[in-house]
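The values are calculated or read from the model by the stated rules, or taken from the named source; none is laboratory data. All of these numbers come straight from a predicted model, not from anything done at the bench. Cβ atoms come from the backbone with ideal geometry, glycine included; neighbour counts cover every protein chain shown. Heavy atoms of the whole protein, side chains included, go into the accessibility calculation; ligands, DNA and RNA do not. Shrake-Rupley method; radii C 1.70, N 1.55, O 1.52, S 1.80 Å.
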Amino acid sequence: MPPLQERNMPFHSYMDIALAEAHAAAARGEVPVGAVIAGADGVIAQAGNRTRELNDPTAHAEMLVIRAACAALGQERLTGYDLYVTLEPCPMCAAAISNARIARLYYGAGDPKSGGVAQGPRVFAHPQCHHRPEVYDGIAAQAAEQLLIDFFVARR
């Protein structure tokens, strides 16, 4: 499916909601990452990290929002939907994004330590990757980066 601009629809970023989810995650003591899945009808699901709260290493914002969107839509794939996330997805989340067939990935801050899209293993560039979403980086990157910096400085 072509980007919204090519479908004669105005582009609307949902990164503000993802940032709000990241702030909520930080308030819970979680690494501040937030995510939103949206389609033509708007937001389908939103989530923030909950790995500590749920004692679940897979409870990254992206994993939680993909699960919630699939449940809300009653389907296992999110073809035609967009994912907004405040931090570059890790390899686990990038693989889930591919498996969910998400159309477009918009992310804020790059993650040189644990990223899996533009850094590290570059999951979508791997020959065994079955689906490659369109990727747009740097969306509200400064706000996302500052939130992460402030969170980790407060813990040192």
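Summary table
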read-out: Among (1) aliphatic (A, V, I, L, M); (2) closer than 19 Å to Asp137 by Cα; (3) in contact with a strand residue (DSSP E or B) (Cβ under 8 Å, 6 or more places away or on another chain) - the single one Ala96 does not satisfy; value: (3)
read-out: Residues of the range 97-134 that turn out to be more than 24 Å from Ala72 (Cβ to Cβ), touching a Phe, Trp or Tyr at 6+ places or on another chain (Cβ under 8 Å) and buried (at least 17 other Cβ atoms within 10 Å of the Cβ), as a count; value: 1
read-out: Odd one out for Gly138 among (1) closer than 23 Å to Phe11 by Cα; (2) in contact with a Leu (Cβ under 9 Å, 6 or more places away or on another chain); value: (2)
read-out: Meets criteria (part of a loop (DSSP other than H, G, I, E, B) and either within 24 Å of Ala26 (Cβ to Cβ) or not acidic (Asp, Glu) (or both)) for Ala143; value: no
read-out: In the range 8-24, residue farthest from Gln75 (Cα to Cα) [restricted to those that are open to solvent by 20 Å² or more (accessible area, probe 1.4 Å) and touching a residue at least 40 places away in the same chain (Cβ under 8 Å)]; value: His23
read-out: 2 or more residues over 22 Å from Leu148 (Cβ atoms) and of a type in the set (A, V, I, L, M, F, W, C): qualifying helices (runs of 4 or more DSSP H) within the range 1-112; value: 61-73, 91-100
read-out: Unmet criterion (only one of (1) on the phi < 0 side of the Ramachandran plot; (2) more than 16 Å from the chain's Cα centre (by Cα); (3) not in a helix (DSSP H, G or I)) for Gly120; value: (1)
read-out: The listed residue being hydrophobic (A, V, I, L, M, F, W, C), open to solvent by 20 Å² or more (accessible area, probe 1.4 Å) and under 21 Å from Ala109 (Cα atoms), out of Ala27, Ala38; value: Ala27
read-out: Search result, residues across the range 100-136 that are charged (D, E, K, R) and touching a strand residue (DSSP E or B) at 6+ places or on another chain (Cβ under 8 Å); value: Arg101, Arg104, Asp111, Glu134
read-out: Number of the condition not met by Pro57 [criteria: (1) surrounded by fewer than 16 Cβ atoms within 10 Å (Cβ to Cβ); (2) on the phi > 0 side of the Ramachandran plot]; value: (2)
